[in-house]
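Reading through the structure tokens given below for one structure.
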Amino acid sequence: MDLLLDAICVVDVEGRYVFVSAAFERIFGYTPEEIIGKPMIELVHPDDRERTLQAASEIMAGQPKPHFQNRYVRKDGRVIHIMWSARWSEADGMRVAVARDITELKRAESMQVALHAISEAAHSAADLLALFRNIHLIIGKLLPARNFFVALYDEKKDQLSFPYFVDEHDSAPSVQKLDSGTLSAEVIRTGQALLLTPDTPVMRPRYNAPLDGRGALHWLGVPLNTQQGIIGALVVQSYSGEVRYTEQDKVLLQFVSTQIAAAIERKQTQTWLQYVALHDQLTALPNRMLFHDRLRSALARARRDHGRLSLLYVDLDKFKLINDSFGHDVGDLLLCEVSHRLKHCVREVDTVGRMGGDEFVVLLDNIGQPEHASIVAEKIRTALNQPFELPDHCLHISTSIGIAVYPEHGGDSKQLMRFADDAMYNAKKHGGNRLMMSDIPNQPAGSV
């Protein structure tokens, strides 16, 4: 009986095994009888075959390899890391090598590297999507992750979404409830990691059902657990019998999932804080800061492309009377409905912002002629003149709109805002419920 921990292998000039020691079975899973005569390269991990053949050529040319490392696929499908000490025997025409299993050492090193990489990604990623992409790359260095997705759960809305979903066969599922019966929902609901193989007797959803021709043969999911609770799940899956997941893979993914969950939660918090800082809390429209930032960007494009844009300053007529008569709660509901109608009156490339109170500003980007701004302003005035059906109240309002156009009314944001604001107050002085174009230099102001 061979008591050596390392395996001795002898390979002929064609790369076929001619001898292996008994320890070979412990490391690679194959008995000597099963492996003699087989090409060595068939056991090598597909991603490492090219450089392994290159190393073999160098050994046969007389260059010993005392510390060559590559990956093999065991008989049971597990990927193992091997360190070789190999040389060429000219007299025998054979490659003689000693193989040492360094899988656990490489796993420990990889985990430390992964934890550091996750921490770096949490700080450097610009947004959640960039973070998910980085996490995918990090996981892919630990275990096969060609098919990988992140499922996130919003407990308040009872919504399970898939913001990052990379799969060779399917696209991301739609938003679901937690009781949808999917595997990822089960991981989140129970808080337990789940490893499924073709032998596991369980029903799966369509996009990863083991009995489906397109279904995953191996499925591994772990919960994303934070101090606030479970926020989602990480999942890898394989459609090929060549890539299998094991209990060791489950432990590995669980180990890094805690830091990944913390990184996701931190990025979600940052994203929310950035959103709150740049949006009006009542209407969720861009606030003054974000609106001016978009206006400066639009002006830069207009100058570069010799284009034109317009500002519409929108103020509700006698809004104070509504607040005084029906209360601020009703007034807030009305402002929210006004914001919805404003957004439906403009294009996606345009911006509707709230300056405060009952004052809104609309940025019309890249318009053809000044008259186009007047057409949109009239559309807004007409839309806001329609009744507002609120709980227990039906309200009617009118609006005054001031219009300024770049470059006719000025070349910077301050000038345009001032001209649009002045035109709006001029519309109010004339009785409200109208739109007015700001003065164009050397021309009188006019009601439209």
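The values are calculated or read from the model by the stated rules, or taken from the named source; none is laboratory data. Predicted model, so just to flag it, every value in this text is computed and none were measured. Glycine gets a Cβ as well: all are built from the backbone with ideal geometry, and neighbour counts include every protein chain shown. Keep in mind that these areas ignore ligands, DNA and RNA; they rest on the heavy atoms of the full protein, side chains included. Shrake-Rupley method; radii C 1.70, N 1.55, O 1.52, S 1.80 Å.
Quick notes on this one:
- Heavy-atom SASA rank of Arg244, Arg341, Arg304 (probe 1.4 Å, accessible area, largest first): Arg304, Arg244, Arg341
- The residues Thr246, Thr190, sorted by heavy-atom accessible surface at 1.4 Å with ligands and nucleic acids left out, run Thr190, Thr246 from largest to smallest.
- Taking a straight line from the alpha carbon of Lys318, these aspartates and glutamates sit under 13 Å away, with near neighbours fewer than eight places off in the same chain left out: Asp358, Glu359.
- Each peptide among 68-76, 256-264 gets the average number of other Cβ atoms lying within 10 Å of its residues, and from highest to lowest they stand as 256-264, 68-76.
- Cross-link partners of Lys65 among lysines (Cα-Cα below 18 Å; sequence separation of 8 or more within a chain): none
- Principal-axis tilt of helix 49-60 within the chain, Cα atoms, nearest 10 degrees: 40 degrees
- Per residue solvent-accessible surface (Å²) - the chain, probe of 1.4 Å: 52 Å²
- With all protein chains in place and ligands, DNA and RNA left out, the 1.4 Å accessible area ranks Arg16, Arg107 as Arg16, Arg107, largest first.
- Shown here: Cα extents along the principal axes in Å, derived from the displayed model; of the candidates (1) 72, 49, 40; (2) 106, 49, 37; (3) 67, 66, 42, it corresponds to (2).
- Rounded to 10°, Cα long-axis angle of helix 288-305 versus longest principal axis of the chain: 90 degrees
- Once all protein chains are placed together, Ile118 keeps about 0 Å² accessible to a 1.4 angstrom probe.
- Accessible-area composition of the stretch 22-147, carbon plus sulfur, in percent [1.4 Å probe]: 53 percent
- Helix 370-385 axis, angle to the chain major axis (alpha carbon atoms, nearest 10°): 80 degrees
- Phi angles of the stretch 141-156 translate, via the Karplus equation with coefficients 6.51, -1.76, 1.60 and θ = phi - 60°, into HN-Hα couplings of 8, 9, 7, x, 9, 4, 10, 9, 8, 10, 10, 10, 10, 9, 5, 5 Hz per residue; Gly and Pro are given as x.
- Calculated from backbone phi, Karplus (6.51, -1.76, 1.60) coupling profile of the stretch 387-393 in Hz, x at Gly/Pro: x, 9, 8, 9, x, 6, 8
- The apolar share of the surface of the stretch 311-448, taken as the fraction of accessible area on carbon and sulfur atoms (1.4 Å probe, ligands and nucleic acids excluded), comes to 52 percent.
- Estimated 222 nm signal from helices in the chain, with DSSP H stretches of n ≥ 4 weighted -39500 (n - 2.57), rounded to 500: -12500 deg cm²/dmol
- In this structure, the residue pairs whose Cα-Cα separation is over 20 Å, taken from Lys156/Lys250; Lys38/Lys106; Lys343/Lys379; Lys320/Lys428, are Lys156/Lys250; Lys38/Lys106.
- The phi-based Karplus calculation (6.51 cos²θ - 1.76 cosθ + 1.60; θ = phi - 60°) puts the 3J(HN,Hα) values of the stretch 407-413 at x, 4, 9, x, x, 9, 5 Hz, whole numbers, x for Gly and Pro.
- With all protein chains modelled, accessible area of His340 [1.4 Å, Å²]: 80 Å²
- Calculated FRET efficiency, Gln159 to Leu53, Cβ-Cβ distance, R0 = 56 Å: about 0.65 to the nearest 0.05.
- Where a label projected 7 Å from the Cα of Val13 along Cα→Cβ would reach, residues of the stretch 90-107 with amide N under 14 Å: 90-95
- Candidates Arg146, Arg266, Arg303: whichever shows maximal mean-square fluctuation once the chain is modelled as a Gaussian network with Cα springs under 10 Å: Arg303
- In Å², nearest 10: area of Glu186 left accessible to a 1.4 Å probe: 70 Å²
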